[in-house]
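Readers should treat all values here as calculations from the given coordinates under stated rules, not as data from a laboratory. Keep in mind the model is a prediction, meaning the values are calculated, not measured. Glycine also receives a Cβ, built like all others from the backbone with ideal geometry; neighbour counts cover every protein chain displayed.
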Amino acid sequence: MAEVHGQDIHLLGITQVPSFGLRKGSIIDIESTAKSIDNSLNELERLTGIEVYSALIGFSGVSISIVNNHAVIAVANPTYEITLEDKERVLNSARNLSLPLDKAIIQIIERQYIVDSYDGVKDPVGMVGSRLEAEVSIVVGAIAAIQNLQRSANKINLHVNGLMYNALLGAESVLSPAETEMGVALVDIGGGTTEVSYFEEGSIIHTSVLPVGGEYITKDLAIVLRTSMEEAKRVKEKHGVASPDKARSDLMINVHNIQGKSAQQVSQQVIAEIISARVLEITELIYAELKQFGCLNRMPGGIVLTGGAAELAGLADAMEEYSSIPVRIGLPENMKGLPTDFNRPQNAVVLGGVLYSARQAAIKSGDSPRFIGVIDRITYWLKDLFR
Ligand SMILES: Nc1ncnc2c1ncn2[C@@H]1O[C@H](COP(=O)(O)OP(=O)(O)OP(=O)(O)O)[C@@H](O)[C@H]1O
Ligand SMILES: [Mg+2]
């Protein structure tokens, strides 16, 4: 939650609660998901003293993909001045996809217009030309996933102000305009999912949501060390290292057993060996996805890592070593005056949401925004899904 005064954003609070009802980023139980959202909002209300009625909701899930589409129309006006109707006509044509019955367009991002053969046009209305082309990126996802999100919000009377794909929000807070222009990969490793996205010319071009994340590392540790998920998570976050050669064999860690009564001593090296096997697997999957995107040689911005798992010690180095691509941790740097406690890769998406909402509020009240992010050219087509 944040307060906006003119151009200044004042963060009031961030809350985090365990999520129930989700598996691999998809809702499998509306009741539990609604309860989790409610818990998080209640905590936020306690923290800030402000009641929440509506929210911008970030979404993800393995059903999400991006389709790049292109359309051409002849300008209708005899004077060849392009009108809003021409723009709408070309956009309508560009959104014309044949999708499986269970999929729908969730968002459309206008990448650029081409007027006659001048490309890079952001808004063609008022320009003169006979041929108008539109290039768009279309976020596609499972209808059920979006409806389940809407139903979970309805259950607790939370009005959905907008839905935004998580990777677009993350990009907002951690990527620089130069990076998204030249080519950069944003990789968000969460608990149950990993979003791999590629940005170029200021827009998202490819994305893929993989069903892996930090929970898998926790589960491996819990099984091998015969302990609870809670204890395994604690050990991972406090003492975990992504590769054994960065760990100490003489540093012994106290690991409690499942009942939490007795404990065993395990070296940090052994813990790192367990973690590194899964880190390698996740890294291989991410690399394969970037290869599939065809962008390995087109990313001067390298890989930017966000999500809670990005906080694992030595992860960025391990990924850099594997891929020979520069890897940096994405901290929400685009938000000035952010208290250091909040400036973590885990908060990239939520802070991106704050930045985006603040800018929308500024535009509404007539202020010109301080900077333009990757999601300013988004059009929603979602309304018909919400019945
Ligand atoms: N310091 C740390 N070291 C290693 N892992 C960490 C650390 N801090 C958090 N994590 C891991 O990050 C994961 C959660 O990340 P995040 O909060 O980004 O997920 P999420 O967005 O809630 O989940 P998802 O994106 O899968 O829906 C957990 O597996 C957690 O153990
Ligand atoms: Mg996440």
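Points to keep in mind about this one:
- On full extension, the segment bounded by Val224 and Ala288 gains 20.3 nm, given 0.36 nm per residue less the C-alpha separation.
- Relative contact order (%) - the chain, alpha-carbon pairs under 8 angstrom, separation at least six: 19 percent
- Between Asn334, Ser228, Ala361, the Cα set farthest toward the positive side of the dipole of the chain (charges on each charged residue's Cβ, about the Cα centre) is that of Ser228.
- Computed about its Cα centre, the charge dipole of the range 1-146 is approximately 480 debye, with only Lys, Arg, Asp and Glu carrying charge at their Cβ.
- Set Lys24/Lys233; Lys24/Lys219; Lys155/Lys219; Lys122/Lys291 screened for pairs whose C-alpha atoms are more than 22 Å apart: Lys155/Lys219; Lys122/Lys291
- Of Glu133, Glu110, Glu45, the one that fluctuates the most in a GNM where the chain has Cα springs shorter than 10 Å: Glu45
- Using C-alpha pairs under 8 Å with a sequence gap of at least 6, the mean separation divided by the residue count of the range 5-162 gives a relative contact order of 29 percent.
- DSSP-defined antiparallel bridges as percent of all bridges, the chain, nearest 5: 80 percent
- If you sort the three axes of the alpha carbon gyration tensor as a ≥ b ≥ c, you get a/c of 1.5 or more for the range 177-333 and a/b above b/c, which makes it prolate.
- Cα-based shape type of the range 266-337, given that a ≥ b ≥ c are square roots of the gyration tensor eigenvalues and the cut on a/c is 1.5: oblate
- Within straight-line cross-link reach of Lys238, aspartates and glutamates at Cα separation under 14 Å, skipping those fewer than 8 residues along the same chain: Glu230, Glu311
- Three-way shape call for the range 65-143 based on the alpha-carbon gyration tensor, with the a/c threshold at 1.5: prolate
- Value of [θ]222 nm, deg cm²/dmol, for the chain, DSSP H segments ≥ 4, -39500 (n - 2.57) each, nearest 500: -11000 deg cm²/dmol
- Net length available on complete extension from Asp341 to Thr48 is 103.8 nm, with 0.36 nm assigned per residue and the Cα-Cα distance removed.
- Reciprocal of mean inverse Cα separation for the chain (Kirkwood radius, Å): 22.5 Å
- Extension gain for the segment Asp38 to Asn77, taken as residue separation times 0.36 nm less the Cα-Cα distance, is 8.8 nm to one decimal.
- FRET efficiency for Ala361 and Leu101, using Cβ-Cβ distance with R0 set to 35 Å, rounded to 0.05: 0.40
- Beta-bridge orientation, the range 177-333: approximately 70 percent antiparallel, per DSSP, counting only bridges with both partners inside.
- FRET efficiency for the Arg248 to His70 pair, using the beta carbon distance and R₀ = 56 Å, is estimated at 0.55.
- When you restrict to C-alpha pairs under 8 Å that are six or more residues apart and normalise by the size of the range 65-143, the relative contact order lands at 46 percent.
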